[in-house]
Amino acid sequence: MKLIIAFALLLLSTSAVLGQLAKTNITKDSFALAPKAIIDTSQSGDKLFADAFVETLFYSAGDTADTLYIWLINWDFESNATKSIIKRAIDASTLEKKGDDATLDLQLKSKLGLIGHSGIGYIGFVLIRDDGKDTADQLYFTILPNSATSDTKPVEVKLTDNSDKGTGFFVNQVWFQDGYFYVMYTEIELETGFEEALNLQAIKAEDGSLLFKETVKVASLNSPLGFAMPVAGADSPKDAKLIYIAYKVNDTDKLTVMQTTVDISNGKVDEPTKLVADEETVRYFPHDVITADTVFGIVVARQELKGEDDILQSLNVYYNGTTSKPQLLKIKHPEDYKNPSILSFNYNNGFIVLATYSTPDNALVEMKGFNSDGSEQFAEKRLLYTQTVVKYFKDASGGVWLGYNDFDVETGKILKSYLGKVIALKDNK
């Protein structure tokens, strides 16, 4: 299951609101614990976060559900490396600071910046860099425990052995599952920008060992960058057996969404099967994977051209490994908003969907509950309207948390950071 959105769901265009503060309006009674300010950069006690940008702040879960963590990446754009990483512990009941902030003097180098990924008790980073002058790019994964201090040496694992300077990498998805960070990435032919192969590997958070002896090649590709749009997820949030993956291919002049699985025990890739092919006025795209205790499914977006400016949008789900007769995921499409980005979590013997509907200027985050057969458990309700990045993660007991920031739109710097609990443990079963 994806624990944090790529773990940011949305980084909005700010051209329409320069000189203003980003706005967020919450619906308090939709939360298990309403969001509360956990950082206020106007206060002297939060001075380490005073120059934080929206993109560089993220959250993680402790080994137990009573502690959460806030992390800040201080990035040096000239050297393409971290100057330091700031860590703060938070009491999950009161959302008050626990102990002193820690400054980790770590220099992690990556050509494309750094995004933090949350695990239970750990955080991870994907890094892309070469091994020296005139050498090819390589993919690395670095892990830090939540207990890290300035003396902690991170665990770093090299995921590729690339000798071709014409080959690059695009990271499609990172998620935490059963003690491992899973990384799905695409090999790119840099001169043409074409996708060549889709790969999967998993790294054990505890010691950096690899789950698969050799990186799993999920599929060969031959398409422009961004065409395959792969999505992946496990068949269960705990003790998973299979990773389900959907991607799009150009198959004999048919643009087709394919589905396959990777056996976690041995890395074997199943023979891919066709889910659905584009039609003259209908297009399909891999969208997401639903993962819960009692159900899982591949989500495919459907877009039908009804007129010059009229596109009918919907989301279809292929439940429990099926490859035909998908069910409509019945969620509303507010006017002027496109198909939402979605996350799914366990909820009351079914699952819950968090849907983010976006425009260039703002987003709506709504929540709806479903039974394991796809029928409605509770109606859609609004969590928040926002003009900022929204991030989600699970705590050690399965509770789901949401974080967002007030920031100065002109500078991109955070003014206040908030955390709230979306789903309590009692419902996440």
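For region 324-347, a residue qualifies if it is buried (at least 18 other Cβ atoms within 10 Å of the Cβ) and over 14 Å from Gln313 (Cα atoms), and the qualifying residues are Pro326, Ile342, Leu343, Ser344, Phe345, Asn346, Tyr347.
Of all positions in region 196-211, none carries a residue that is small (Gly, Ala, Ser), touching a Leu at 6+ places or on another chain (Cβ under 9 Å), touching a residue at least 24 places away in the same chain (Cβ under 8 Å) and in a loop (DSSP other than H, G, I, E, B). Taking into account only those residues within region 252-276 that are in a loop (DSSP other than H, G, I, E, B) and either of a type outside the set (Asp, Glu) or in contact with a Ser or Thr (Cβ under 6 Å, 6 or more places away or on another chain) (or both), which is modelled with the lowest pLDDT? Across region 252-276, the extreme among qualifying residues is Thr252.
A single member of Gly132, Gly99 is surrounded by fewer than 16 Cβ atoms within 10 Å (Cβ to Cβ), part of a strand (DSSP E or B) and free of Cβ contacts under 8 Å to residues at least 40 places away in the same chain, and it is Gly99.
Scanning region 102-116 for residues that are basic (Lys, Arg) and loosely packed, with under 15 Cβ neighbours inside 10 Å returns a single hit, Lys111.
Just a yes or no: is a residue in region 380-397 in a strand (DSSP E or B), over 19 Å from the mean Cα position of the chain (by Cα), of a type in the set (S, T, N, Q) and surrounded by fewer than 20 Cβ atoms within 10 Å (Cβ to Cβ)? Within region 380-397, not a single residue is in a strand (DSSP E or B), over 19 Å from the mean Cα position of the chain (by Cα), of a type in the set (S, T, N, Q) and surrounded by fewer than 20 Cβ atoms within 10 Å (Cβ to Cβ).
Out of region 351-379, which residues are under 18 Å from the mean Cα position of the chain (by Cα) and either among the charged types (D, E, K, R) or farther than 28 Å from Thr64 by Cβ (or both)? Scanning region 351-379 gives Ala355, Thr356, Tyr357, Ser358, Ala363, Leu364, Glu366.
In region 62-96, the qualifying residues are those that are more than 19 Å from Ile39 (Cβ to Cβ) and either free of Cβ contacts under 8 Å to residues at least 24 places away in the same chain or in contact with a helix residue (DSSP H, G or I) (Cβ under 8 Å, 6 or more places away or on another chain) (or both), and the one that is surrounded by the fewest Cβ atoms within 10 Å (Cβ to Cβ) is Glu78.
Residue pairs whose Cβ atoms lie under 8 Å apart, sitting 6 or more positions apart in sequence or on different chains, and linking a residue in region 214-229 that is over 10 Å from Asn250 (Cβ atoms) to a partner that is among the hydrophobic types (A, V, I, L, M, F, W, C) and assigned to a loop (DSSP other than H, G, I, E, B), are Thr215/Leu159; Ala219/Ala228. Looking across region 1-42, the residues that are at pLDDT 50 or above, assigned to a loop (DSSP other than H, G, I, E, B) and over 23 Å from Tyr347 (Cα atoms) come down to Gln20, Ala22, Lys23, Thr41, Ser42. Would you please name the residue that is farthest from Trp175 (Cα to Cα), looking only at residues in region 43-61 that are in a helix (DSSP H, G or I) and in contact (Cβ under 8 Å) with a residue 60 or more places away in the chain? So the residue we want is Phe49. Checking the stated criteria, Val409 turns out not to satisfy the condition of being at negative phi, of a type in the set (Val, Ile, Thr) and either modelled with pLDDT of 95 or more or touching a Lys or Arg at 6+ places or on another chain (Cβ under 7 Å) (or both).
The values are calculated or read from the model by the stated rules, or taken from the named source; none is laboratory data. What you see is a predicted model; the values in this text were computed from it and never measured. Methodologically, a virtual Cβ is constructed for each residue, glycine included, from the backbone with ideal geometry; neighbour enumeration extends over all protein chains shown.
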